Amino acid sequence: MPYKRKNRGRRKGDKGSEPAVQCDNCGAFVPRSKIQRVTTRVSLVRGDLARELKQMGAYIAENVVVKNLCISCAIHYGILKVRAREERRPRQFL
């Protein structure tokens, strides 16, 4: 069966099998090299209160949230974009 990408959509190379990671959004099990990691900072304080506290010179702690998303969820949330037809890999016909 022909495949679309030279690396089959992963970056494992010749390492054999990899551990599967669960997508934090849909729960799908995806190989570790195929997952998209998204790091966001979440404030524990509301925005208007945080602005007032920063003006007074207070330090506001933030939590760092790391999400593992599968490719379809990353495209759905706009983290990955679908490439234009001209940018895609050209098919080789025999």
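Quick look at the values:
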quantity	calculated
Loop GluC sites (Glu not before Pro), the stretch 55-94, which have at most 13 other Cβ atoms in a 10 Å radius of their Cβ (DSSP)	Glu86, Glu87
Three principal axis lengths of the stretch 20-76 [C-alpha, angstrom, descending]	47, 18, 14
Qualifying chymotrypsin sites (Phe, Trp or Tyr not before Pro) for the chain [loop in DSSP, other Cβ within 10 Å: at most 16]	Tyr3, Tyr59, Tyr77, Phe93
Those lysines that a straight Cα-Cα span of less than 22 Å connects to Lys81, excepting residues fewer than 8 apart in one chain	Lys4, Lys6, Lys34, Lys67
Per-residue Cβ neighbour rank within 10 angstrom, fewest leading, Val30, Val66, Val45	Val66, Val45, Val30
Debye, to nearest 20: dipole size of the stretch 47-94, +1 on Lys, Arg Cβ, -1 on Asp, Glu Cβ	500 debye
Unit charges on C-beta of K, R, D, E only; dipole of the chain, Debye	760 debye
Order of Leu80, Leu44 under a 10 Å beta carbon neighbour criterion, fewest first	Leu44, Leu80
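Throughout, read-outs are computed from the coordinates displayed, never taken from laboratory work. These figures come from a predicted structure and were not determined experimentally. All Cβ positions, even for glycine, are placed from backbone atoms using ideal geometry, and neighbour counts span all protein chains on display.
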